[in-house]
Amino acid sequence: MSKSETQWREHIINDFADSGFEGKDCRSVLETLLCYSMPSADVKGKAAQMSADDRNLANIVDIPIEQLMDKFGLDEATALLINNIPDVIFAYRNKSNKQVLYNVGKACEYFKETLASARVETLVVCFLDNALRVISCEIINVGNIDSVSVKPLKIIRAAGRARGKFAFLAHNHPISGAAPSEADIAVTRSIKQILAHIGVRLLDHIIVSGSGETYSMKREGHLPLLEPNN
């Protein structure tokens, strides 16, 4: 590695230590990530190549791992790191935001933010305590959602870890409106029964569209109204 490349890496790392990613463009963020994950790589060149053609970070994390490796010469660990940035954000949001989902409006707002980084249709179950505070959210399925794809054991294990008395379901429609399909309604009924068998009450199923529109199955009559003011 040349002296100039070494100095550039030191500059990037020092800058990151001082201000994190605040105010950084896509290329600068990539340079920082590559500095840490590929110690001997041409950081500037790879970051420039990856961010060419007006690609932003959202476009880049959507690129399959194999293409990141083949097209940009990333090693497998780096490709995995970049591809899983949305999952890291999802995990952080759902461990740090101990919000109280006391009505449909609050739940819609919460899941709109929670699913903002989901790139494909993603079904999550969120468990709450007796005060309706969020305990945890877990991904149940990724991809097209139907009754066949619901794994009861996965839901039961998630409920056992959380030990909550109430639950919300939520999923997104990345490229369509928020209205539920027949499969969405069938999945909701199935999961509601699974949760009821282990003493957990399903409060609602929220759907978030790609444009940020939300749909509450409770509000629209697919689930019993649990609170008189909703």
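The values are calculated or read from the model by the stated rules, or taken from the named source; none is laboratory data. Given the structure is predicted, the values throughout are model-derived calculations rather than measurements. We place every Cβ from the backbone using ideal geometry, glycine too, and count neighbours over all the protein chains shown.
Can you tell me which residues in region 193-209 are touching a Ser or Thr at 6+ places or on another chain (Cβ under 7 Å) and surrounded by fewer than 24 Cβ atoms within 10 Å (Cβ to Cβ)?
Selection gives SER209 alone.
Within region 110-173, considering only strands (runs of 3 or more DSSP E) that don't extend past its boundaries, which have at least 3 residues that are buried (at least 21 other Cβ atoms within 10 Å of the Cβ) and at pLDDT 90 or above?
Fully inside region 110-173 and qualifying: 122-128, 166-173.
So, in region 89-109, how many residues would count as being in contact with a Phe, Trp or Tyr (Cβ under 8 Å, 6 or more places away or on another chain), more than 19 Å from PRO180 (Cα to Cα) and either at pLDDT 85 or above or of a type in the set (A, V, I, L, M) (or both)? Give the derivation first.
The initial filter retains those residues of region 89-109 that are in contact with a Phe, Trp or Tyr (Cβ under 8 Å, 6 or more places away or on another chain), namely 97, 99, 101, 107.
Filter once more, keeping what is more than 19 Å from PRO180 (Cα to Cα): 97, 99, 101.
Now narrow it down to the ones that are either at pLDDT 85 or above or of a type in the set (A, V, I, L, M) (or both): 101.
Selection size over region 89-109: 1.
SER40 - would you say it is hydroxyl-bearing (Ser, Thr, Tyr), farther than 19 Å from LEU81 by Cα, out of contact with any Ser or Thr (no Cβ under 7 Å at 6 or more places or on another chain) and modelled with pLDDT under 85?
no
Scan region 49-70 for residues that are of a type outside the set (Gly, Ala, Ser), outside any loop (DSSP other than H, G, I, E, B) and either out of contact with any Asp or Glu (no Cβ under 8 Å at 6 or more places or on another chain) or closer than 18 Å to GLN7 by Cα (or both) and report the count.
10
Could you tell me which numbered condition LEU34 fails, if it satisfies all but one of (1) out of contact with any helix residue (DSSP H, G or I) (no Cβ under 7 Å at 6 or more places or on another chain); (2) at pLDDT 90 or above?
(1)
Within region 131-143, can you find the residues that are touching a residue at least 24 places away in the same chain (Cβ under 8 Å) and either on the phi > 0 side of the Ramachandran plot or out of contact with any strand residue (DSSP E or B) (no Cβ under 8 Å at 6 or more places or on another chain) (or both)?
Once the filter is applied, which keeps residues that are touching a residue at least 24 places away in the same chain (Cβ under 8 Å) and either on the phi > 0 side of the Ramachandran plot or out of contact with any strand residue (DSSP E or B) (no Cβ under 8 Å at 6 or more places or on another chain) (or both), region 131-143 yields only LEU132.
Given (1) assigned by TED's automatic domain parsing to the domain that holds VAL104; (2) in contact with a Leu (Cβ under 9 Å, 6 or more places away or on another chain); (3) not small (Gly, Ala, Ser), identify the lone condition not met by LEU223.
(1) is the only condition that LEU223 fails.
Exactly one of (1) surrounded by fewer than 16 Cβ atoms within 10 Å (Cβ to Cβ); (2) touching a helix residue (DSSP H, G or I) at 6+ places or on another chain (Cβ under 9 Å); (3) within 30 Å of ILE135 (Cα to Cα) is unmet by ILE82. Its number?
(1)
For region 14-31, name all the residues that are more than 9 Å from ALA47 (Cβ to Cβ) and not basic (Lys, Arg). Steps first, answer last, please.
Of region 14-31, the ones more than 9 Å from ALA47 (Cβ to Cβ) are 14-25.
Residues satisfying the conditions are ASN14, ASP15, PHE16, ALA17, ASP18, SER19, GLY20, PHE21, GLU22, GLY23, ASP25.
Every residue in region 34-48 that is in a helix (DSSP H, G or I) and surrounded by fewer than 16 Cβ atoms within 10 Å (Cβ to Cβ), please. Working first, answer last.
So in region 34-48, the residues in a helix (DSSP H, G or I) come out as 34-37, 43-48.
Passing the criteria: TYR36, GLY45, ALA48.
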